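Written out below as structure tokens is the structure these notes cover.
The values are calculated or read from the model by the stated rules, or taken from the named source; none is laboratory data. Model, not experiment: these values are computed from the prediction. Cβ coordinates were reconstructed from backbone atoms using ideal geometry, including for glycine residues, and neighbour counts include every protein chain displayed.
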Amino acid sequence: MLLHVAIIVAYLPAALCFTSTPPSNRLSVGNTVGLTGSGDASSTPLINIEQTWLPPSPVGVIFDMDGTLIKHSINFAEMRRRIYEVVDSDPIGKNLEKDCVLAMPQRLTEEGQRRCNEIFVDIEQRAIDDMELQDGGAELLQFLSQAGLKRAVLTRNKERNVQHMKEMYKNEMSINNENDDDIIFDNIVARNTKASPDDDEPIKSKPHPDGIVHICKLWNCDPNEVIFVGDSINDDIAAANRAGCGGAVLLQQGGCQLDTDSGYAVGDSELEIMERTPTLCVESLSELRYCIGAVLDEQDKIRAAESKLSSGDGYVVYSTENKKYSVQVPSISVKSV
């Protein structure tokens, strides 16, 4: 009996919709790739795998922290206001143009830097006190671990705050053995992380791609083999696209774009707008887990079909842009169908 297998297809949620319009400014994602509706798997359509947002053979997933792995808790509006007040009163800062609140303190007097550091400590401590894990985060990390995908955190927060989040995830996932830490994260790159102990300065923060490139070197892979997930088009999506990530996923809880603006200006050229364009938008980490799982399942089916092809059993049907072909094994004759 002849065996017919379709191999160049991938299942994605019915809720996925693909458009080409990029975001028009830093507070809107415009009509980018997004999720709407319930994502009911029963009505899942077939999508050509070349159109999907996922790398063909993903190595791992890199996560932003605030607003992604934990619920949004840092008050950026307050941070901008308080830091800019220090800048305006500083002998050096009063002559500077307003820029990223994380970078400006380094250009102030020693007193100005001290006052800014006190503000950061105050705001970040309150964020730690109020920290809540993102819904679906523990299940997603467990799923990625079981699927053999690496996991990393890239954040503009401090390492100690990432460790606090990590302990919360350990408790949520009932991980008591320190040897099992790698079930959660393989690598962490924070605002104060150095690529090497001999380096004078830490790795440049997002939207610079340096942190992603550094993690990929640790994983011995190319950026196009990883997925980046974050909640900011200015920081996360821009960094992912600049690094050349295979997927740039924007998480918008409830479909809302929250204030994560640290104060630096963004350009409106076509290139800069495209840098801030995600390949996929999701409204929850649970939806992201479904998307990754669906595509990985289909890739397993494709590999199984290719194995059938090499084993010489029956026919395999595959598609090109304009035609479908069937390949008869073992004679390897090709005919249009």
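Exactly one residue out of 50, 85, 97 is at pLDDT 90 or above, surrounded by fewer than 20 Cβ atoms within 10 Å (Cβ to Cβ) and not hydrophobic (A, V, I, L, M, F, W, C), and it is 85. When 171, 192, 220, 179 are checked against the criterion of being more than 17 Å from the chain's Cα centre (by Cα) and at pLDDT below 90, 179 stands alone in meeting it. Please work out if residue 96 is in contact (Cβ under 8 Å) with a residue 24 or more places away in the chain and of a type outside the set (D, E, K, R). In short, no.
Residue by residue, here is whether (1) touching an Asp or Glu at 6+ places or on another chain (Cβ under 7 Å); (2) of a type in the set (Lys, Arg); (3) under 30 Å from residue 220 (Cβ atoms) holds:
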| residue | (1), (2), (3) |
| --- | --- |
| 100 | no, no, no |
| 106 | no, no, no |
| 122 | no, no, no |
| 129 | no, no, no |
| 138 | yes, no, yes |
| 145 | no, no, yes |
| 149 | no, no, yes |
| 152 | yes, no, yes |
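Yes or no, residue by residue, for (1) touching a strand residue (DSSP E or B) at 6+ places or on another chain (Cβ under 6 Å); (2) assigned to a loop (DSSP other than H, G, I, E, B); (3) not assigned by TED's automatic domain parsing to the domain that holds residue 161:
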residue: 195; (1), (2), (3): no, yes, no
residue: 202; (1), (2), (3): no, yes, no
residue: 211; (1), (2), (3): yes, no, no
residue: 227; (1), (2), (3): yes, no, no
residue: 234; (1), (2), (3): no, no, no
residue: 250; (1), (2), (3): yes, no, no
residue: 268; (1), (2), (3): no, yes, no
residue: 272; (1), (2), (3): no, no, no
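Applying the condition of being farther than 10 Å from residue 278 by Cα and either buried (at least 24 other Cβ atoms within 10 Å of the Cβ) or within 10 Å of the chain's Cα centre (by Cα) (or both) to the range 233-242 and asking which residue is modelled with the lowest pLDDT yields 235. Scan the range 110-119 and give yes if some residue there is touching a residue at least 40 places away in the same chain (Cβ under 8 Å) and either surrounded by 13 or more Cβ atoms within 10 Å (Cβ to Cβ) or of a type in the set (Val, Ile, Thr) (or both), otherwise no. Yes, there is a match, as at least one residue in the range 110-119 is touching a residue at least 40 places away in the same chain (Cβ under 8 Å) and either surrounded by 13 or more Cβ atoms within 10 Å (Cβ to Cβ) or of a type in the set (Val, Ile, Thr) (or both).
Each residue in the range 94-130 was checked for being touching a Ser or Thr at 6+ places or on another chain (Cβ under 6 Å) and within 22 Å of residue 163 (Cβ to Cβ), and 3 of them qualify. I want to confirm something. Restricting to the range 116-141 and keeping residues that are assigned to a helix (DSSP H, G or I) and among the small types (Gly, Ala, Ser), which single residue is farthest from residue 227 (Cα to Cα)? That would be 127.
Exactly one residue among 162, 153, 226 is in contact with a Ser or Thr (Cβ under 7 Å, 6 or more places away or on another chain), under 28 Å from residue 255 (Cβ atoms), crowded, with 21+ Cβ neighbours inside 10 Å and at pLDDT 90 or above, and that residue is 162. Here is a check on your reading of the model: is residue 206 more than 26 Å from residue 276 (Cβ to Cβ) and crowded, with 18+ Cβ neighbours inside 10 Å? Spelling it out, it is not the case that residue 206 is more than 26 Å from residue 276 (Cβ to Cβ) and crowded, with 18+ Cβ neighbours inside 10 Å.
Taking the numbered list (1) touching a helix residue (DSSP H, G or I) at 6+ places or on another chain (Cβ under 7 Å); (2) surrounded by 18 or more Cβ atoms within 10 Å (Cβ to Cβ); (3) under 23 Å from residue 167 (Cα atoms) in turn, residue 215 passes all entries but (1).
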